[in-house]
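Values in this text are rule-based calculations from the coordinates and carry no lab data. Predicted model only: the values in this text are computed from it and were never measured. Neighbour counts are summed over all protein chains in view; Cβ atoms, including those assigned to glycine, are modelled from backbone coordinates with ideal geometry.
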Amino acid sequence: MFSQEGEYNVLVTDLMGPSLEELFEYCQRKFTMKTVLMLIDQFLQRVEFLHSRHFVHRDIKPDNFVVGVGKKMHYLFLIDYGLTKRYREPKTGEHIDYKEGKNFTGSERYASSMTHLGIEQSRRDDLESIGFMMIYFLKGSLPWQGLPGRSKAEKYANIKKQKKEVTIE
């Protein structure tokens, strides 16, 4: 339920279970292929729903998917809409303009290559982040995890370079 109380926006949700990141740790950082495929199905359903409402999440990562409790324990829920943004104009239905030079938004580990290049995020970026989560859950880590950098900017540059070199294998 969403409401406004004075100058505050309030969102009340059902009690949720652990995040996928917490479950992954609990499972010794190993998910089976079957589990990953079942998760991807739900990732795509949740993100498709958000996109159907003309929003992009811009921070797709395991911490932002939680499992339900009780009768909803087999369902994933997408949370943390703090970086969410419309990708279509509400009145005209037109797609937002392509823009470069945008500030980095999201989590560097799962952010799309375009995000690292400073390009305005759209649906493709949420989908690329899902791809990175798939690799993470199948391999236990991502190739750019733990890359060194003397500064945040250098670390981001190293991650961006590594993401450009990722292959399907």
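Which ordering of R53, R123, R46, R29 is given by a fewest-first count of other beta-carbon atoms within 10 Å? If you can, show how the numbers build up before the last one.
Details: R53 9, R123 17, R46 21, R29 12.
Sorted ascending by nearby Cβ count, the order is R53, R29, R123, R46.
In what order do Y81, Y136 fall by count of nearby beta-carbon atoms within 10 Å, going from fewest to most?
Y81, Y136
Describe numerically, in nm with one decimal, the distance between label points set 7 Å from Cα along Cα→Cβ at A153 and at E22.
For A153 paired with E22, the spin-label model returns 3.8 nm.
For labels at N103 and E5 in the simple 7 Å Cα→Cβ model, what's the distance in nm?
Rounded to a tenth, the inter-label distance reads 2.9 nm.
Starting from the range 74-156, pick out the GluC sites (Glu not before Pro) whose DSSP state is loop and whose Cβ has at most 11 other Cβ atoms within 10 Å.
The qualifying sites are E94, E100.
Arrange the following residues from fewest to most other Cβ atoms within 10 Å of their Cβ: D63, D97.
Exposure proxy ranking, most exposed first: D97, D63.
At a Cα cut-off below 17 Å, give the aspartates and glutamates reachable from K160, other chains included and same-chain residues fewer than 8 away excluded.
D59, E100, E108, E120, D125, D126, E128
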